[in-house]
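Written below as structure tokens is the structure these notes are about.
Here, each number is a calculation from the coordinates, and none is a lab measurement. If you're wondering where the values come from, they're calculated on a predicted model, not measured in any experiment. For neighbour counting, all protein chains shown are included, and Cβ atoms are generated from backbone atoms with ideal geometry for every residue, glycine included.
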Amino acid sequence: MTTLTDSGRAARRRHLPLQVLLGFLVVYFLVPFWWVIVNSSKDAAGLFGGGSSLWFAEDIDYWGNLVDLFTYQNGIYVRWLLNSALYAFVGGIGATVLAVMAGYGFAKFRFRGRSFSFAVLLGSVMVPTTALVIPTFILFSQLGLTNTIWAVILPTLLNPFGVYLMNIYTREAVPDELLDAARVDGAGEVRTFLQVSVPLMRPAIVTVLLLSVVASWNNYFLPLAMLSDNRLFPVTVGIGMWQGIASANNAGGTSLWSVIILGSLVSVIPLVIAFLTLQKYWQGGLSIGSLK
Amino acid sequence: MTVDLATRPKAATPRGPRRRGAIARGHVGWAFVAPFAIVFFALLVTPLLYALYLSLFQKRLIGGTSFVLFDNYIKAFTDPNFLDGIQYVIVFSAVLIPLQMAVSLSVALILDAVVTRFARFSRLMIFLPYAIPAVIGALMWGFLYSKSFGPIAEIFGMFGAVGPDLLSRDLVFFGLLNIVTWQWAGYYMIIIYAALQGIDPTLYEAARIDGATGWQITLRIKIPLIAPALLLILVFALIGTLQFFNEPQILRYLASGAIPSDLTPNMYAYQQAFALANYNYGSAISFALGAVVFVCVYLFMFITRKRGSFLS
């Protein structure tokens, strides 16, 4: 890119209209972020005072708003962030481990009931997860599991699409001959799996992990239904609750809006950083399902 | 390590007859699948069967809970609230999915053609909304739509016009449409883009030698070759949209009165179960919705199976 050849420069000029179009699209996709970044610097007066909502007010008060955010209701926001992290990592890693093992089992072994089980699995990809929330809630309430962290973590472990992705990837990436060679060398099945197969499955593992973590970090319906103690809320449910309160009392809630806006901004930072740093993993990985 | 393993002379470990080994390995296969299978039974099969069971009962104020067979389903499929919800998500999908496909496919095709630093940066930025929880995305757009602190009214005001109120009863459909497109187009774009990158470039060379234009290459080579990816996305979008919940639920607070609590079937089921404690009817709606989604997606895949689907 640094040394442009003449043909490269020509190609670049030829694509100029397309790049302008891309520029407009980027603006569209970034506008909400820009709005939140700008407006989380404002206090209630700046927000409702009638200044431009796409530019900073005279007082830039990130620090004051941050202090408000982290001390509001005894600093419950920090707890929500930690809860989200806990649910996302325990649920995400658990789901990935189960999916990797099952995907490998389906891809590399012939066993009784295999094709039937796999057909059931594929059908289950089509079952909308939200249809499971209400019956799972009732089941869990009978087991005394509602309003505990397990009510959020356990359902997150179910990721049939992850198993499907692992299966198609493993079929190609882990040759049978290699497994046979390892077995002939005297490696047990567990060792063959961990030392021969897992390293070859790594791109798909990272993808499934990323998808599971994102799905559970972004989860809203399930924790909304399962949890009633606001100290167990993930950040999505917490901010949603604040927003309900702020909307309900328009006059009294004005100071809460600055907290909500900054809270939204802070809550998206971890995943945005994760995506930007893990770029090379997810960009390749997301294609697994599409190439068949 | 892999080369080492493959080329090392085979160790002379004594092994049983080949048949016995294969059977033993069958058990190993089950052992690998078992942990997931347990979770699958506990958290998918059991809740589904339980929902079916619950949906066959009715709780009355007098007389307690009684078995009513399919009464809840008859009630659901004659309940205007539920039917309106189904109609709403179907109309919403019919507008959303083509729009989303068009946006993500065109962006992917542009990114496949333009290879510059700016294009790479754009790819990342357009994908970014996928990392944002639906709740926060809906909130952000809710702020932008808001009359008290959003920029839309302001921008139209500069031209002396009145901006559209995307939180009003008439326009909230488009407000929601915009949020969902913004949220997912980038994710779909990456899947399509990856599929485009997987095409053998010599095909383009050959086509160019035969005199094909850029448009012809796009329409006759690129799009047909990425059909499986497009189909995968369609199925995802269909499953996702029919269970629409988060965005309207969040916008409800901001759009006072414009979004009823039973806008979509999922919201209706939530309202029945958690606001009215009517678990039997809530389960029936959930199960009926699940069945509707399953049948829709299955029919869709059946119709398009010739084009090669991800489930074949």
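Computed on the Cα atoms alone, the convex hull of region B:187-312 gives a volume of 139 cubic angstrom per residue. The order of A:TRP55, A:TRP35, A:TRP80, going from fewest to most other C-beta atoms within 10 Å of their C-beta, is A:TRP55, A:TRP35, A:TRP80.
Over every Cα atom in chain B, the radius of gyration and the widest Cα-Cα span, Dmax, amount to 25.9, 89 Å.
Neighbour counting of Cβ atoms within 10 Å sorts the residues A:THR96, B:THR78, fewest neighbours leading, into B:THR78, A:THR96.
Expressed in nm², what is the orientationally averaged projection area of the convex hull enclosing the Cα positions of region A:67-199? Hull-based average projected area comes out at 12.0 nm².
The angle between the Cα long axis of helix A:202-217 and the main principal axis of chain A comes to about 40°, on a 0 to 90 degree scale. Note on the protein assembly as shown: Lys pairs 8 or more places apart or on different chains, Cα atoms under 19 Å apart, count 6. Estimated translational diffusion coefficient (Stokes-Einstein, Kirkwood radius over Cα pairs, 37 °C, 0.692 mPa s) of region A:83-148: 227 µm² per second. Sorted ascending by nearby beta carbons within 10 Å, beginning with the fewest, A:MET101, A:MET166, B:MET267 become A:MET101, B:MET267, A:MET166. Of the complete DSSP H runs in chain B, those spanning 18 angstrom or more by Cα along the long axis with a mean Kyte-Doolittle score not below 0.5 are B:18-40, B:80-113, B:172-197, B:227-242, B:279-303. When both region A:115-193 and region B:122-142 are represented by their alpha-carbon centers, they are found 28 Å apart. Over chain B, dividing the summed -39,500 (n - 2.57) contributions of all DSSP H runs of at least 4 residues by the number of residues returns a 222 nm mean residue ellipticity of -20500 deg cm²/dmol.
Computed with the Debye formula from one identical point scatterer per Cα of the protein assembly as shown, without solvent, the log10 of I(q)/I(0) at q = 0.06, 0.08, 0.09, 0.11 Å⁻¹ comes to -0.36, -0.63, -0.80, -1.16. Kirkwood hydrodynamic radius computed over region B:98-139 comes to 11.5 Å, based on all pairs of distinct alpha carbons. One quarter of the convex hull surface built on the alpha carbon atoms of region B:114-190 amounts to 6.6 nm², the projected area averaged over directions. Going by a ≥ b ≥ c, the root eigenvalues of the Cα gyration tensor, does chain A fall in the rounded group (a/c under 1.5), the prolate group (a/b larger than b/c) or the oblate group? Oblate, since a/c reaches 1.5 and b/c is not below a/b.
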